[in-house]
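For reference, the structure discussed in these notes is given below.
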Amino acid sequence: MASVGKKERNLFFIFKQTVVDIYHHLGYSMFISVLWFGLLVVSILFAQPFFNLLPATLENQTHPLNLFLSFLMFGVPYAAFILGPVQTVLFYQMNQVINDEAELKGLWDGLRKHYWTAAGVYALYTGLLLFCLVDLVICFFVLKDFTLKILGFFLLYLFLFLVFATLYLPGLLVLQRNTVKKVIKKTLILFLDNTLLTVGAFFILVLVGVVFTLIAPLLLLFFGSFLQVFMIHLFHGVMAKYPDPVVPALEESAGGSFDRNNG
């Protein structure tokens, strides 16, 4: 069993299984990818006005917090009520697809089951990301104190830590029953316990994204489903490290566990 679990955590094996699953479900894979691409386009259009204001704000260095408060005011609700739930639904539906249980109504079922938990998780997580980003930019580009530059490097590591850890959010939302607090807690712990694997998986996704961007039809038709299936196999591979609890009562007395079915 240990060797099987180790194989499931092999990035080459995860990549291979992802390609195989997409090949066996081409129609649904393209459908999910088109939906994901639409979400990406809407997100870029939503963020574009803020990014256009960023250079001028940093150059003038007058009231830079106003811009970032705007990011916080609009970015958190967008991530909470649109971006996070839609990403969760696509993950849910693609999991149904590779298990040969998919129906079109699954999109609604996934939204109904996970909407409010996903909204809470992505609101909190986006708030943490923006908080780090705000302080990071202020430390490097607004204030001149050298001590704050050192703090900026710490914030950079924290920001990257949060970005990498997002790979586990959909799995903890869909493949387990977790509260908002448990999702955040388990996400951070899973990353800390699987740092190299998570960073390697993230860079594989970035590399695949770059390659698919150079071949536009692949980005439109396959990257979204590739992302979902890759995260599904990554989550299962990581969770193979943690044994299921033998007795439910022991799980509660220990404050919970990382079992694959329950929070």
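The values are calculated or read from the model by the stated rules, or taken from the named source; none is laboratory data. Predicted, not measured: the structure shown is a model, and the values here were computed from it. Quick reminder, even Gly has a Cβ in these numbers, built from the backbone with ideal geometry, and neighbours come from all protein chains shown. To get the accessible areas, we keep the full protein, side chains included, count just its heavy atoms, and leave off ligands, DNA and RNA. Shrake-Rupley method; radii C 1.70, N 1.55, O 1.52, S 1.80 Å.
Annotations for the structure displayed:
- Among (1) in contact (Cβ under 8 Å) with a residue 60 or more places away in the chain; (2) charged (D, E, K, R); (3) not in a helix (DSSP H, G or I), the one test that LYS182 misses: (3)
- PRO245, sole failed condition from (1) at pLDDT below 95; (2) surrounded by fewer than 12 Cβ atoms within 10 Å (Cβ to Cβ): (2)
- Filter result for PHE202 (open to solvent by 30 Å² or more (accessible area, probe 1.4 Å), in contact with a helix residue (DSSP H, G or I) (Cβ under 6 Å, 6 or more places away or on another chain), hydrophobic (A, V, I, L, M, F, W, C) and at pLDDT 95 or above): yes
- Candidate set from segment 16-31 (those that are touching a residue at least 12 places away in the same chain (Cβ under 8 Å) and of a type in the set (Ser, Thr, Tyr)); member that is most open to solvent (accessible area, probe 1.4 Å): TYR28
- Test for PHE191: is it open to solvent by 20 Å² or more (accessible area, probe 1.4 Å) and hydrophobic (A, V, I, L, M, F, W, C): no
- Subset of segment 66-102 [open to solvent by 10 Å² or more (accessible area, probe 1.4 Å), among the aliphatic types (A, V, I, L, M) and more than 17 Å from PHE37 (Cβ to Cβ)]: LEU67, LEU69, LEU72, MET73, VAL76, ILE98, ALA102
- Residue ID - modelled with the lowest pLDDT, chosen from residues in segment 32-48 that are open to solvent by less than 50 Å² (accessible area, probe 1.4 Å) and under 22 Å from LEU207 (Cα atoms): SER43
- The combined condition, being part of a helix (DSSP H, G or I) and open to solvent by 60 Å² or more (accessible area, probe 1.4 Å), is fulfilled by ARG112.
- Neighbours by Cβ (under 7 Å, 6+ apart or cross-chain): first from segment 146-164, over 17 Å from VAL206 (Cα atoms) and at pLDDT below 80; second in a helix (DSSP H, G or I) and of a type in the set (Lys, Arg): none
- Residue pairs whose Cβ atoms lie under 8 Å apart, sitting 6 or more positions apart in sequence or on different chains, and linking a residue in segment 230-242 that is in contact (Cβ under 8 Å) with a residue 12 or more places away in the chain and open to solvent by 10 Å² or more (accessible area, probe 1.4 Å) to a partner that is part of a loop (DSSP other than H, G, I, E, B) and small (Gly, Ala, Ser), are TYR242/SER257.
- Scope segment 134-155; condition out of contact with any Gly (no Cβ under 9 Å at 6 or more places or on another chain) and open to solvent by less than 60 Å² (accessible area, probe 1.4 Å); matching residues: VAL134, VAL142, LEU148, LYS149, GLY152, LEU155
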